[in-house]
Amino acid sequence: MAEKIILDNGLRIVCEPMPHLHSVATGLWVNSGSAAEPEQLAGVSHFLEHMLFKGTAKRGAAEISRVMDGVGGVLNAFTGKEQTCFYTRCLDEHFELGLELLADMCLNSLLDGEQFDREKQVIVEEINMYEDSPDEVAGDLFARTLWPEHSYGRSVAGSLSSVGALGRDAMYDYWRMAYTPAQAVLAVAGNIEPRQVVEQARRYLGGFSGGAGAASLNAPRQQGGQAYIYKDIEQTHICLGLGGVAVDDADYFPLYVLVNALGGGASARLFQEVREKRGLAYSAYCFLDSYKLSGAVCAYAATQPQQAEELARVMAGQFADVAEHGLSGEELERSKNQLKGSLLLGAENPVTVMGKLGRFLCSLDELYSLEHTVAQLAAVSSDDIRRVTARLFVPGQLALAQVGPREAELDAKELF
């Protein structure tokens with residue numbers, strides 16, 4: 001069972017001992033993501049994530065890269081809409097080294113001006129790389145269509161214009177405002193004892209200081225509608241879906257089960273209907289995104305432009321069918337068992353465990369045991385599914401995003 005401890009400076013620590021392992025995963029999480037950024041600083045959280053690898057007073061960029069490589073470990077990071085996470089995985093004997101490295105990067109980085117200018121070009125190329133990935137473009141377009149007036153609709157990486165206009169001093173000010181112990185979580189999972197984690201956290205993170213962090217957000221207003229971006233490519237990529245629920249919503253687990261039944265694998269409705277029965281696409285799936293204030297249900301597939309209209313109608317038809325009929329008893333049980341198996345298998349990976357601990361403590365300031373999650377899934381009933389579909393799968397609210405050489409002439413409001 002995970003233990004939660006709070007240091008005197010307000011930093012929350014959570015540790016899940018996994019004594020059967022030889023490794024430990026350590027993540028320093030910060031409530032800093034694209035959703036909390038001022039519009040004029042769009043992309044700063046992601047850019048800052050890159051910059052914290054570029055040197056401290058103690059280590060240059062090359063040395064930072066060598067520390068974990070030198071002991072056979074991993075050092076990485078990612079930025080989302082609500083959090084940034086820096087993490088290591090290494091042998092348990094190197095836990096202190098990994099934690100000291102994370103603390104040095106996140107607290108003592110130089111944000112060197114020359115490195116800043118060079119890394120800005122790297123970010124520009126990363127955005128260009130995304131632009132060459134139509135599935136990524138479709139996903140971002142779907143978010144903008146669903147949340148056109150809210151920061152949840154922005155790309156995590158920002159835009160070429162926002163990144164181009166960003167200055168080093170503005171990034172430094174944002175770093176000092178956002179990276180504070182009150183907005184951070186140290187999550188650790190593996191062959192380690194909580195007392196060891198607390199002892200080393202006091203040593204390397206006890207001097208972490210700062211205020212309350214960024215201002216809280218208002219909940220977004222979700223909208224339906226449609227959008228299209230032209231790309232001279234072979235397929236039309238389609239994302240369509242509806243508003244979902246926040247991560248602490250009472251309907252989160254029923255929706256989780258429902259979305260998995262719709263598109264969580266090769267036996268799910270979308271894959272069977274789109275690929276196996278009709279041959280319209282190589283891949284078709286559905287996923288659930290849930291954040292502090294809102295969420296989304298999104299289905300994705302890609303096909304030849306002349307088949308895009310049929311594909312969108314088939315995908316939307318699965319939303320309509322589940323809204324009218326719910327799930328069969330067999331579908332419900334299969335989805336719950338699939339999710340249970342995935343959770344239990346993930347619980348054998350310390351990085352997965354660390355990620356769940358860090359995200360939930362950052363988002364909710366709560367910890368949920370694996371047993372609690374499994375019990376919540378097992379308790380989902382057909383009545384729960386009907387309640388969720390009545391609440392969320394509402395005709396006329398569909399958001400549709402298309403990326404490709406030709407736009408299918410569709411009215412999103414009439415699809416479902």
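Being free of Cβ contacts under 8 Å to residues at least 60 places away in the same chain, open to solvent by 10 Å² or more (accessible area, probe 1.4 Å) and among the β-branched types (V, I, T) holds for only one residue in V374, V353, and it is V374.
Take the conditions (1) within 18 Å of D135 (Cβ to Cβ); (2) surrounded by 22 or more Cβ atoms within 10 Å (Cβ to Cβ); (3) within 19 Å of the chain's Cα centre (by Cα); (4) not small (G, A, S); Y285 misses just one of them, which is (2).
Could you list all residues from the range 359-383 that are over 30 Å from S32 (Cβ atoms) and of a type in the set (A, V, I, L, M)?
Start the filter on the range 359-383 by keeping residues that are over 30 Å from S32 (Cβ atoms), which leaves 371, 374-375, 377-383.
Within the range 359-383, V374, A375, L377, A378, A379, V380 qualify.
Quick one: is E409 assigned to a helix (DSSP H, G or I), of a type outside the set (S, T, N, Q), modelled with pLDDT under 95 and surrounded by fewer than 14 Cβ atoms within 10 Å (Cβ to Cβ)? No; evaluated as a whole, the condition is false for this residue.
Within the range 284-316, the only residue that satisfies the criterion of being in a loop (DSSP other than H, G, I, E, B) and touching a Lys or Arg at 6+ places or on another chain (Cβ under 7 Å) is Y291. Against the conditions (1) within 22 Å of K277 (Cα to Cα); (2) open to solvent by 20 Å² or more (accessible area, probe 1.4 Å), A301 satisfies every one except (2). Being surrounded by fewer than 21 Cβ atoms within 10 Å (Cβ to Cβ) and not in a helix (DSSP H, G or I) is a property that holds for A214. Q272 meets the conditions (1) over 20 Å from K413 (Cβ atoms); (2) among the polar types (S, T, N, Q); (3) crowded, with 17+ Cβ neighbours inside 10 Å in every case but one. The failed one is (3).
Could you tell me whether the range 160-177 includes any residue that is of a type in the set (F, W, Y) and within 30 Å of P405 (Cα to Cα)? Among the residues of the range 160-177, not one is of a type in the set (F, W, Y) and within 30 Å of P405 (Cα to Cα), which makes the answer no.
Residues that are surrounded by fewer than 21 Cβ atoms within 10 Å (Cβ to Cβ) and over 16 Å from Y87 (Cα atoms) within the range 19-54 comprise P19, H20, L21, H22, P38, E39, Q40, listed in sequence order.
For every residue, the table says whether it meets (1) modelled with pLDDT of 95 or more; (2) open to solvent by less than 20 Å² (accessible area, probe 1.4 Å).
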residue: R203; (1), (2): yes, no
residue: Q223; (1), (2): no, no
residue: Y228; (1), (2): yes, no
residue: G241; (1), (2): yes, yes
residue: D251; (1), (2): yes, yes
residue: V257; (1), (2): yes, yes
residue: G263; (1), (2): yes, yes
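Scanning the range 30-45 for residues that are within 15 Å of Y291 (Cα to Cα) and not hydroxyl-bearing (S, T, Y) turns up V30, N31, G33, A35, A36.
The values are calculated or read from the model by the stated rules, or taken from the named source; none is laboratory data. These figures come from a predicted structure and were not determined experimentally. As a convention, Cβ positions derive from the backbone with ideal geometry for all residues, glycine included, and neighbour counts pool all protein chains shown. Remember, those area values only see protein heavy atoms, side chains included, never the ligands or the DNA or RNA. Shrake-Rupley method; radii C 1.70, N 1.55, O 1.52, S 1.80 Å.
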